[in-house]
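Visitor: Mind looking over this structure? Questions follow.
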Amino acid sequence: LLVAIHLLDESGTHFQKTVAPSLPTEYGQAVDGMTVSSATGCCCAAVASRRRVVVSDIPNCKEWPAFASFALPLGLRAAWSTPIFSSSGKVLGTFVSYCLGVCEPDSLDESLSEIVTRTAAVVIERKELDEKLRESEGRFHTLFELGPVAVYYCDASGVIQNFNRRAAELWGRV
């Protein structure tokens with residue numbers, strides 16, 4: 001079983017990051033930047049349909065001939081792809097499992113997909129939240145330090161803990 005996670009860009013129209021440690025490098029290079037279209041393959045179809053998509057026999061897949069021509073040279077013969085949803089229901093990407101032979105997913109594969117997609121969603125949302133927090137902290141720091149108003153804050157006993165440049169200027173401490 002070979003697996004990959006494809007993340008979508010902010011607009012949800014292109015794959016922007018692929019993590020596929022068990023697949024050849026060419027795989028990730030081919031997928032990153034790909035436009036999401038239900039006609040492209042199982043990962044794109046999973047994103048577009050918002051449901052799990054199974055292709056148990058890629059060589060005989062009539063629905064996505066371009067997908068077959070991409071997957072077969074890599075030795076991939078079956079695939080099932082599950083969308084990764086945010087807590088608000090937005091599709092963040094997809095988790096895909098590949099077999100080197102023709103096969104159908106079983107209940108263990110479904111359980112694995114469920115665990116991975118939920119875990120990935122938590123990790124992705126946490127990373128996005130951390131990035132937004134860093135941006136907010138940067139904006140706050142800029143306003144605090146460079147703002148035209150004197151700003152300072154004290155602890156519970158009234159001792160000044162920090163102050164900005166304008167406060168220092170007013171107190172003659174620059």
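Visitor: Of all residues in the stretch 22-41 being touching a helix residue (DSSP H, G or I) at 6+ places or on another chain (Cβ under 8 Å) and more than 21 Å from Ser11 (Cβ to Cβ), which is most open to solvent (accessible area, probe 1.4 Å)?
Guide: Glu26
Visitor: Still on this structure, please answer the following. So which pairs qualify, if the first residue must be in the stretch 7-33 and touching a residue at least 40 places away in the same chain (Cβ under 8 Å), the second must be open to solvent by 60 Å² or more (accessible area, probe 1.4 Å) and in a helix (DSSP H, G or I), the Cβ gap must be under 9 Å, and the two must be at least 6 apart or on different chains?
Guide: Glu26/Pro73
Visitor: Does the stretch 116-129 contain at least one residue that is among the basic types (Lys, Arg) and farther than 30 Å from Trp80 by Cβ? Don't jump to the end; show me each part of the working.
Guide: So in the stretch 116-129, the residues among the basic types (Lys, Arg) come out as 118, 126-127.
Checking the rest, the ones that are also farther than 30 Å from Trp80 by Cβ come to none.
Looking for residues that are among the basic types (Lys, Arg) and farther than 30 Å from Trp80 by Cβ, one finds none in the stretch 116-129, hence no.
Visitor: In the stretch 13-26, what residues are at pLDDT below 90 and within 16 Å of Ala66 (Cβ to Cβ)?
Guide: Glu26
Visitor: Here's something else I'd like to know. Would you mind telling me which numbered condition in (1) of a type in the set (Val, Ile, Thr); (2) within 18 Å of Thr117 (Cα to Cα); (3) more than 15 Å from the chain's Cα centre (by Cα) Ile5 fails?
Guide: Ile5 satisfies every listed condition except (3).
Visitor: Condition check: part of a loop (DSSP other than H, G, I, E, B) and in contact with a helix residue (DSSP H, G or I) (Cβ under 7 Å, 6 or more places away or on another chain). Does Thr18 satisfy that?
Guide: Numbers: part of a loop (DSSP other than H, G, I, E, B): no; in contact with a helix residue (DSSP H, G or I) (Cβ under 7 Å, 6 or more places away or on another chain): yes.
For Thr18, the condition - part of a loop (DSSP other than H, G, I, E, B) and in contact with a helix residue (DSSP H, G or I) (Cβ under 7 Å, 6 or more places away or on another chain) - is not met.
Visitor: Filter the stretch 10-21 for residues that are under 23 Å from Leu100 (Cα atoms), surrounded by 14 or more Cβ atoms within 10 Å (Cβ to Cβ) and not aliphatic (A, V, I, L, M) and give the result.
Guide: Result: Thr18, single match.
The values are calculated or read from the model by the stated rules, or taken from the named source; none is laboratory data. All figures in this text were calculated on a predicted structure; none of them were measured in a lab. Quick reminder, even Gly has a Cβ in these numbers, built from the backbone with ideal geometry, and neighbours come from all protein chains shown. Note: areas computed on protein heavy atoms with side chains; ligands, DNA, RNA excluded. Shrake-Rupley method; radii C 1.70, N 1.55, O 1.52, S 1.80 Å.
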